[in-house]
Each structure stands twice: as C-alpha cells, then as structure tokens.
1. Going down the table (K67/K141; K219/K491; K274/K428), which pairs top 27 Å between alpha carbons?
2. About the Cα centre, and with charges only on the beta carbon of Lys, Arg (+1) and Asp, Glu (-1), how big is the dipole of segment 190-306? Nearest 20 debye, please.
3. Per the 1.4 Å probe, what fraction of the accessible area of segment 169-230, in percent, lies on carbon and sulfur atoms?
4. Would you mind checking the pairs K198/K480; K177/K270; K177/K259; K480/K559; K198/K278 and listing those with alpha carbons more than 30 angstrom apart?
5. Taking H as built 1.01 Å from N, whose amide H comes closer than 5 Å to the amide H of V239, not counting residues under 5 places away?
6. Keeping the other protein chains in place, figure out the carbon and sulfur percent of the accessible area of segment 430-514, with a 1.4 Å probe.
7. Using square roots of five times the C-alpha gyration tensor eigenvalues, list the equivalent-ellipsoid semi-axes of segment 137-201 in whole Å, biggest first.
8. Work out the FRET efficiency for R529 and V40 from their Cβ-Cβ distance, taking R0 = 22 Å, and round it to the nearest 0.05.
Amino acid sequence: MGCGATKSNELQLKKYQRGSIGVPAMRAALLIQRWYRQYVARLEMRRRCTWHIFQSIEYAGEQDQIKLYNFFGYLMDHFTPANSERNLISHIFRENEICRDIEWERYFCYKNIEVPELYSGPHLSFPLTVSNVADLVEAFKNKQQLHTRYVLQLLLESWKLLRMLPNINQVSTCQTKEITICGDLHGHLEDLLLVFYKNGMPSVEKSYVFNGDFVDRGKDSIEILLILFAFMLLYPNNVHLNRGNHEDYIVNLRYGFTKEVLGKYRLHGKKILKLLQKIFSWLPLATVIDQKVLILHGGISDTTDLNIIAQADRHKYVSTLRPPKRRWVASGGNSTAGRHKVNGRMDNSLQRHCSLAYNSPLRSRYNFQSRSMQNFSSKVNLAVEEELKEQRRMAGLSQSYHDLRSSLSSDSDSDNYETYEDDSNEWKQIVDMLWSDPMPQDGCIPNEVRGGGCYWGPDVTEKVLRRHNLQLLIRSHECKQEGYEFCHNRKVLTIFSASNYYEVGSNRGAYIRLGPDLVPHFIQYQANRSTRELTLRQSVGETERSALRALREQLFAHKSDLLYAFQDYDTDNTGWISLKHWATAVEAVLRLGLPWRVLRSQLVTTTQDGMLDYQGWLRELPITEPKTELVQQSLLETMYKQRSNLETIFRIIDSDHSGLISFEEFRQTWKLLSSHLKMEISDEAILDMAVSIDFNKDGSIDINEFMEAFRLVDRTMNLPSEPNHTKTDE
C-alpha cells in the first residue's frame, strides 16, 4: 500500500500543480486521504481481532462438547451395566425404542390433542395449502405459537416425506431457471423472513436449498424448522433441506435447542424432541445442482466418495458424534455385535468406540489443546498475521490426518476380532461432510479446533471435484464477516445466512442465486435495523466490546491456572512479569490461538516499565456476584469454567425433562464432572452448594435457576460507550 500510494499521490500532485487547485490544498487532500486509509485499516485490524476472539471461543465450546460426549461413551463402554454413573447417562446412547416400534406413529398421535377455542394461532389442514403456510409464516412473524397438535402432525408428515428422499438430492435449474441457496440460520427467524421478503417465498417458480444448521444458538429454532418443513411439504420438488452438524440431539443439549423446545412446549416437548431426533437422522446429506455443483454443510476429506455417501443408511446416525455399533467377527467366523472379550470371556457391554478426532481414552489422547489457526489474508493487519503464524507454528501437528484416521479403526482387540469396516467408513464419510472446514494449504489434517472432521486443502478439492465431474462446492458451517467467502481458487464457496451471529453488527448474512450458467450471485443483508444505522467505527466498537467481555470471562474462569502460569515466570516472587511472558502464559492456559500481543493494550491497562503487576491485573478481571455466599471460591471458579459442561450434564441426567434434579442427581452430576476433569470435589462441598441454591427448600434444584445462580459483572461495562483506542491505533 505504501509504494503504490506514494507514486499515485506524486502523480496527482504534479497533475494538480498544472491546474487551478493549489499545491497546499492538494497536499491537505492527500494527507486526509492517507489518514482515512490508515484509519480504515486500523478498524479492519480491530474487526479481524474481534472476529477471531468470537470464533476461537465458539470452536473451543464445540471441542468441549465432543470431549464430554466421548467421556460419556467411555463410561458406557468400560463400566458394567450396574455402574451408577453408567446408568445415569445410558439413556442418551440407547436406540430410540419408541421410534423403532412399528406403532411409533400412534405414540406420537396428535388426534387426541384438542385445540381449545381460545387458541388464536394458525390452523393447519393437511395436505397443506399455500394459505396455510402463509398464515404460519405470518403468525411466527407476529410472535404467535403453533399449537402442539399441528406441530406433531406437521413433523409426522415431514418424517414420512423425508424417508422417501435419497441421501443426495439431484436438482435442475432448467425448470425454475434459478435456485436460491441459504446457509446456517441458527434460530435467527428474522434472517429467514428477510430472505423471503427480498427474494420471494418458495414456490414452483422459486426453488430453495437450505444447507443445514437450522437450530441452536438463536431463540426461534423450532419456528424455522416448522416453516421449512411446511414449505418442503407444499413444494417437495422445490424446497430441499440438507443436514447440518447441529441437527444432532447431542449437540442440541448444549447449544439451546433442547431448552427452547421444552420451554415453548412444556406439556409435549419431550415427544417433539424425540420425533425431531428421528427426523434429523432422515435429512438428506447433500444436494447436487445440474450434476455440477455440490452443496453440503461442512466439507470433504481426502477419502470423500459420493458413491459411498449415496448408499449409506443415513437414518442410523441419530447422532454423528458416536459411530454405530461395530460388528466383530471372531477367528472362528462367528459374528457378534457390540461385544468384546473381557478376562477371556465375551462381555455384552458396548465395545470401545472411536472418537471424532482422537483415540480412545485408553490410549494417549491426541493433544486437543494445540490449535491450528485460520490464516488472515488481508494485508492491513500484518501484526495480527505475524502473531497468528507464530501460534500456528507452535501448534504443529504430530500426526497426519491419514495416520490418525487409520488409528481410529485399529483401536480394538484386533488379535481376536476385526471391525466391520463398511459402517466405520460410512460414519467417517458423514462426519467429514458435517464437520470439516477448508484450509489454504494442501493436504488433509484433523480439525482439532472443532474436535471433529478435518481441514482439507485445495489439492483435495481438485481431486474430489475431478473424481465426480463437478465444478463447484458450496458449503456453510463457518460464519463469515461478509456472509460469504471463496477459497481454493474459487472452487469452494462458503455461505452463511445468520447475520449478527456473534453480536449485533458482527457479520452480514447472505444467500446465493444460482442460474443455468451456474455462476453464483450474492445478496447480503443485515436483519437488525439498528445495525444498518451504525457507522463503521460504532459497529466495530460494539462488537469489540462484546468480544473483549467474553474474553475477560474466559480469563476469569481460569484465574487460578493463570496465577500458577505467571508465577512460573516470576521466579523471585516479585509479583511482576514482562508483557511478553504475560502473553505466553495466557496462551499456554487458554490455548485459544489469539494474537495476545495485539490484544494486550485492551486487556492490560496499567504497566510499569514494560512490567505487569499480575496479581493486581487478575483482581481487575470481571468479578462474580453469586446469589449465595456459601460456595467455596475454588468450587465457584470450577463451576463457572465448566458451566456449559454442567448444563449439558444436567440436561442429560434430567431424563424426564422436568427441569428439576434431586440432590442425589446433583451430587452425581458433580461426580461425573470431577471424573471427566480428573479432579476431586468432596461430597460435603457439593451438598453445601446444593443446599445453598435450593431457594424454595423443596429438596430439588431447578436447572435454569442453578445456571443463573452465578453470573459475572464486567467492570468494563462502566466505561464510556466508545473506549479510547490510542494505544492500539498507534
């Protein structure tokens, strides 16, 4: 930018010296222009730093969920059926007996559910009509709720249709001439409604492909599902739905969809969730347009084979976080399912399972805390880029993706049994489709940032597209600041349709129009009107404050670990460390792969000669305001650090979805968590906490009240609305 801009300025200056504009005025104009460009570049650097904070925290949460679920799987596979911890979580691994029963439709029967006369929401009749669906959309727009009878009937009809669809839908542009493709919506109903407003409702003339992740995170996931299912029933040849990685009931336990359904449909929420488990497993895995454009949610790997995917029994994978039961064949040729030898005899417990991206807990675990970095291609944030390169170098992988995938299937009692490879390969193909992300360099490596799927490079894209005679891959799965992004020589296109995903103003949403020429046209938008009225500086400032607040919460949750890390550098016990050591220690503890040296001016406010009073800095982090003072500080910190894991365990233990757990279940929850974390929590401390948060003294704990019992107050919220960024700008 420097040399080119200087030559251009000199040419303009000479030109205007011959004109009527004076040299001083021209110099002033050029100085203003240069200042503005630097100003925009600094804002862009701040925006990218903010973005990476949000993304790193999000992916760390996904990784934690997968690790927690693998821990549960370990308990199921290695403890006896009578083990209390195994019994506590066994129901999440069972096949859905009701849905396997030929009478399951009767179990979910809607006919005995009466619609009261006072109900003012939309009324549906089947087969659905255009007016039915239009009324449904309008009702949800006005915050009305669909009655349970119609919800169950709509879901049942959707299930019947989905069972008839192939794994890979084949769509042509010759009839509709143009197809609209939407990415992740994540419960953002306002984004879906805005797409319909700008682009038009689905119809015979206007086809849509919705590319997964309809649910979780947002507050209107069930409404989005019902609208999409209704349009799919109305126009089965024009509305196509792909499965995303969040169409998974295990993921839903953590990211809000389970809580949303139970909150909106208290009486029949459990039935709705069970039915949706089955429906999610029947969603198609991909869509191909004109035999040239492949649309899937996550991505591909170096082993992706669409022929295998097309033949897979997709409905077996109610949750893709755990592979199906393996079939074991003894040396004598006898086939067994879900059995392995223990002390010389056959054991009927589930066999050892493969995790999504690392080995069984019996083997040395792959180091998930090392994080590979997404590279930033912009030239305006070289400082950030250099820091990220260093973090990427420090997070070097010790095992190739090919070797790691091979080790998954070899983690078995191979001396006496061999795995049934068809199911294992099929499962890997589906996991890669739902969880993978592209990377700029060639190759294929484990996606250790998310904890599942892989990172694949341009060479893998070329190989897979050439093998199947395709020219473009469209995927979603990653939030993009502009709503879309090309990579791999414009052969891979990411589309993301949930605007303001991390925070108001954090990103635009977008959708694609694809005509017979198969050239994608993008339409971007912001669903939040107030966001469209913000200046660039205001928008960046709002999202930056939110990201820094989330980052300070992460720092607070690891205060004890940070203190120990700082003390390792303070060998003389002075209470002071250098800023370089501060950045190194923070990354070593949080392992978010962030450019801490760039961020420190906003996280560290007071220094002396380049040294930091780290104990004082820790005291300045967000403070807690617990609603009870009976909890030990160490237990409080553990609770806050593991709050998402705790809520997930609570909802698993609360098998009847009552929202309440007993003191004994509360104790078992903490025992499960302490086993997962390999730490000790005494029964007395757990009981003290249970009693202290049982506000109505009824002997049970409300899950939502417990999660609200401890919250953080950010000291920075008392600062002016637009903080001074002099240090960062300089």
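1. K67/K141; K219/K491
2. Dipole size: approximately 600 debye.
3. Ligands and nucleic acids excluded, carbon and sulfur reach 51 percent.
4. K177/K270; K177/K259; K480/K559; K198/K278
5. Y208
6. In segment 430-514, the share of accessible area belonging to carbon and sulfur is 42 percent.
7. Result for segment 137-201: semi-axes of 24, 21, 11 Å.
8. Working from the Cβ atoms, E equals 0.35.
The values are calculated or read from the model by the stated rules, or taken from the named source; none is laboratory data. In this text the structure is predicted, and so the values were computed from the model without any measurement. In this analysis, Cβ positions are derived from the backbone assuming ideal geometry, glycine residues included, and neighbour counts consider all displayed protein chains. For accessibility, only protein heavy atoms count, side chains too; no ligands or nucleic acids. Shrake-Rupley method; radii C 1.70, N 1.55, O 1.52, S 1.80 Å.
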